[in-house]
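S.K.: Below is a structure I'd like to ask you about.
Rule-based calculations on the coordinates, nothing more; no lab input. Here the structure is a predicted model, which is why all the values come from computation and not from measurement. With ideal geometry, Cβ positions are generated from the backbone for all residues, glycine too; neighbour counts draw on all protein chains shown.
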Amino acid sequence: MKTDILIIGAGIAGITLAERFASEGKKVLIVEKRNHIGGNCYDYYNEHGILVHKYGPHIFHTNYKEVWDYLSKFTDWIYYQHKVLGNIDGELVPIPFNLNTVYKLFPKKYAEKLEEKLITHFGYGKRIPILDLKNIDDNDLKYLAEFVYEKVFLKYTMKQWGLKPEAIDKSVTARVPVVISRDDRYFNDKYQGMPKNGYIKMFERMLDNKNIKILLNTDYKEIIDYISYDIMIYTGEIDYFFDYKYGKLPYRCLNFEFKTFNDDFQPVAVVNYNNNYDFTRITEFKKMTIQKHEKTTICIEYPSDVGVVAYPILNEGNKRILEKYLEEVKKLENKNIYFIGRLAEYKYYNMDEAVKRALELYDGLKG
Ligand code: FAD
Ligand code: UDP
């Protein structure tokens, strides 16, 4: 069989590239090993008619106008600004830890002192990674930093990664900084929302082109010998492509437990369990999709070494292995094979970054 463009993986990166190439008349074949499109962004209506995310909560947020404009061609958006509460010793407080959290957890007089010192030291509106806050040379702020480290980050990170915060790449805990303002939102990006009819409806629109064919339930290695192509785009795991010849790049995995109740479960869509229980967070979907329904479905996330492949583990050893694979990837560009996305680049991408990378690759290749 001959196709112009062969895309391995029907996640958001693969779908974006399929849409772009098909729109200029190229024949595209997508090969996907799962039984559905959408990759980890997959959503569906469960047996109760509630829209749920199969692989954990996905909230769209970006500062890239071009990514927002691009996806907006395929969906309208529900206005939704994600807010998370952290369960800290049984009390629900705003996360990221911010000035509101300070006032919730400390007596007013002391909270005022901490607020003043935080603003003087860092400036109002600044977002400080917890590991930077810990280095501060002031007794009150040092106390605060230790408190936040212990209560917000340490046990959550131990559950999520099986490691202490200082043993994982600094960029990971920096995703949820200490915020020197009253902004309770989890993300401060300019564009935020949920696709009006869900992610899959958005993807179906992107793929609605007679030039695109999709083969589900198929690992590309089963069929690659029977297909010729001008360009191949690979969005699967980078080490798998090379038969693990430089070793395996590990992932932190997740297991999801879904439950449905007759009454609402929690005050906001996501509650993080910072220092108790063996799960990390609970999502109540209808509070983020703004679906009206008499029942409610929640999802409990259990991190583990086995389960759904979720997070690349960015330590020095793995980065060295990755470098070796990336050298091989460079050589394949002569053969028109390109690697893109969270698995193929082994990067902790959000959805918008996966789309941005896909759009950049397309711009580089078109014509
Ligand atoms: P994927 O979605 O992983 O797609 C790759 C596809 O390739 C998969 O469908 C896979 O089955 C297929 N594939 C792999 N190997 C093969 C093979 N050998 N043959 C055929 N097919 C193959 N991002 C946000 O922006 N906001 C969020 O709120 C958010 N929440 C998240 C929550 C969780 C729990 C997780 C795990 C991720 C979250 N993300 C979020 C990140 C988001 O899921 C990723 O950025 C996005 O899915 C990356 O898309 P991708 O196409 O690169 O990879
Ligand atoms: N984190 C934490 N406590 C929290 C939230 C986050 O310790 O309440 C740390 C944890 O190490 C986590 C990282 O910050 O892996 C990034 O969190 P984020 O919510 O961005 O993770 P994701 O949504 O990608 O699972």
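S.K.: Looking only at the stretch 337-352, decide whether some residue is within 14 Å of ligand 1 (Cβ to nearest atom), part of a helix (DSSP H, G or I) and under 26 Å from residue 170 (Cα atoms). Can you show your working first?
M.R.: In the first step, residues of the stretch 337-352 are kept if they are within 14 Å of ligand 1 (Cβ to nearest atom); the result is 337-352.
So of that shortlist, the ones also part of a helix (DSSP H, G or I) come out as 351-352.
From what's left, under 26 Å from residue 170 (Cα atoms): 351-352.
Scanning the stretch 337-352, I find at least one residue that is within 14 Å of ligand 1 (Cβ to nearest atom), part of a helix (DSSP H, G or I) and under 26 Å from residue 170 (Cα atoms), so the answer is yes.
S.K.: Checking the structure you have, find out if any residue of the stretch 171-183 is over 30 Å from residue 112 (Cβ atoms), surrounded by 15 or more Cβ atoms within 10 Å (Cβ to Cβ), within 16 Å of ligand 2 (Cβ to nearest atom) and touching a residue at least 24 places away in the same chain (Cβ under 8 Å).
M.R.: yes
S.K.: Now a separate question. Yes or no: the stretch 155-167 includes at least one residue that is buried (at least 20 other Cβ atoms within 10 Å of the Cβ) and among the charged types (D, E, K, R).
M.R.: yes
S.K.: Among residues belonging to the stretch 55-103 that are part of a helix (DSSP H, G or I) and either among the basic types (Lys, Arg) or within 14 Å of ligand 1 (Cβ to nearest atom) (or both), point out the one that is surrounded by the most Cβ atoms within 10 Å (Cβ to Cβ).
M.R.: Once the filter is applied, the top-ranked residue is 71.
S.K.: If you don't mind, another one. It is to be established whether one or more residues within the stretch 2-15 are within 16 Å of ligand 2 (Cβ to nearest atom), of a type in the set (A, V, I, L, M, F, W, C), in a helix (DSSP H, G or I) and touching a residue at least 12 places away in the same chain (Cβ under 8 Å).
M.R.: yes
S.K.: Mind checking which residues of the stretch 170-197 are among the charged types (D, E, K, R) and within 16 Å of ligand 1 (Cβ to nearest atom)?
M.R.: Residues satisfying the conditions are 175, 185, 189, 190.
S.K.: I would also like to ask the following. Which residue pairs have Cβ atoms closer than 7 Å, lie 6 or more positions apart in sequence or on different chains, and pair a first residue in the stretch 57-69 that is in contact (Cβ under 8 Å) with a residue 24 or more places away in the chain with a second residue that is within 8 Å of ligand 1 (Cβ to nearest atom) and of a type in the set (Val, Ile, Thr)?
M.R.: 68/62
S.K.: Evaluate the following for residue 75: is it within 13 Å of residue 180 (Cβ to Cβ) and of a type in the set (S, T, N, Q)?
M.R.: Criteria not met by residue 75.
S.K.: Would you pick out the residues in the stretch 82-111 that are of a type in the set (S, T, N, Q) and either more than 19 Å from residue 265 (Cβ to Cβ) or in contact with a helix residue (DSSP H, G or I) (Cβ under 7 Å, 6 or more places away or on another chain) (or both)?
M.R.: Within the stretch 82-111, 98, 100, 101 meet the criteria.
S.K.: While we're looking at this one, here's another question. Before we move on, is residue 17 within 22 Å of the chain's Cα centre (by Cα) and on the phi < 0 side of the Ramachandran plot?
M.R.: yes
Yes or no, residue by residue, for (1) surrounded by 15 or more Cβ atoms within 10 Å (Cβ to Cβ); (2) closer than 15 Å to residue 52 by Cβ:
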{"position": "268", "(1), (2)": "yes, no"}
{"position": "272", "(1), (2)": "yes, no"}
{"position": "286", "(1), (2)": "yes, yes"}
{"position": "295", "(1), (2)": "no, yes"}
{"position": "309", "(1), (2)": "yes, no"}
{"position": "328", "(1), (2)": "no, no"}
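S.K.: Read through the list (1) more than 17 Å from the chain's Cα centre (by Cα); (2) more than 30 Å from residue 22 (Cα to Cα); (3) crowded, with 20+ Cβ neighbours inside 10 Å, then give the number of the only condition that residue 206 fails.
M.R.: With (1) more than 17 Å from the chain's Cα centre (by Cα); (2) more than 30 Å from residue 22 (Cα to Cα); (3) crowded, with 20+ Cβ neighbours inside 10 Å applied to residue 206, the lone miss is (2).
S.K.: Would you tally the residues in the stretch 111-131 being assigned to a helix (DSSP H, G or I) and either without any contact (Cβ under 8 Å) to a residue 12 or more places away in the chain or of a type in the set (A, V, I, L, M, F, W, C) (or both)?
M.R.: Going through the stretch 111-131 one residue at a time, the tally reaches 10.
S.K.: Name the residue that is surrounded by the most Cβ atoms within 10 Å (Cβ to Cβ), counting only residues in the stretch 44-54 that are in contact (Cβ under 8 Å) with a residue 12 or more places away in the chain and not hydrophobic (A, V, I, L, M, F, W, C). Lay out the reasoning, then the answer.
M.R.: Residues of the stretch 44-54 in contact (Cβ under 8 Å) with a residue 12 or more places away in the chain: 44, 46, 48-54.
Subsequent filtering for residues that are not hydrophobic (A, V, I, L, M, F, W, C) retains 44, 46, 48-49, 53-54.
Values: 44: 14, 46: 15, 48: 12, 49: 11, 53: 22, 54: 18.
Filtering the stretch 44-54 for residues that are in contact (Cβ under 8 Å) with a residue 12 or more places away in the chain and not hydrophobic (A, V, I, L, M, F, W, C), the one surrounded by the most Cβ atoms within 10 Å (Cβ to Cβ) comes out as 53.
S.K.: Further question on the same structure: Taking the stretch 269-304 as the region of interest, how many residues are outside any strand (DSSP E or B), within 15 Å of ligand 1 (Cβ to nearest atom) and within 19 Å of residue 156 (Cα to Cα)?
M.R.: Number satisfying all stated conditions: 3.
S.K.: Inspect all residues belonging to the stretch 314-325 and state whether any of them is assigned to a strand (DSSP E or B) and without any contact (Cβ under 8 Å) to a residue 60 or more places away in the chain. Step through it out loud before you land on a result.
M.R.: Looking only at the stretch 314-325, we keep the residues that are assigned to a strand (DSSP E or B), and these are none.
The answer is no, given that none of the residues of the stretch 314-325 is assigned to a strand (DSSP E or B) and without any contact (Cβ under 8 Å) to a residue 60 or more places away in the chain.
S.K.: Scan the stretch 159-168 and tell me whether some residue there is under 15 Å from residue 133 (Cα atoms) and either within 16 Å of ligand 1 (Cβ to nearest atom) or hydrophobic (A, V, I, L, M, F, W, C) (or both).
M.R.: No, there is no match, as no residue in the stretch 159-168 is under 15 Å from residue 133 (Cα atoms) and either within 16 Å of ligand 1 (Cβ to nearest atom) or hydrophobic (A, V, I, L, M, F, W, C) (or both).
S.K.: Sticking with this one: Please go through the stretch 73-131 and give me each residue that is over 26 Å from the mean Cα position of the chain (by Cα) and among the charged types (D, E, K, R), ordered by number.
M.R.: Residues satisfying the conditions are 89, 91, 104, 108, 109, 112, 113, 115, 116, 117.
S.K.: Consider residue 229 carefully, then state whether it is surrounded by 18 or more Cβ atoms within 10 Å (Cβ to Cβ) and within 23 Å of the chain's Cα centre (by Cα).
M.R.: It is false that residue 229 is surrounded by 18 or more Cβ atoms within 10 Å (Cβ to Cβ) and within 23 Å of the chain's Cα centre (by Cα).
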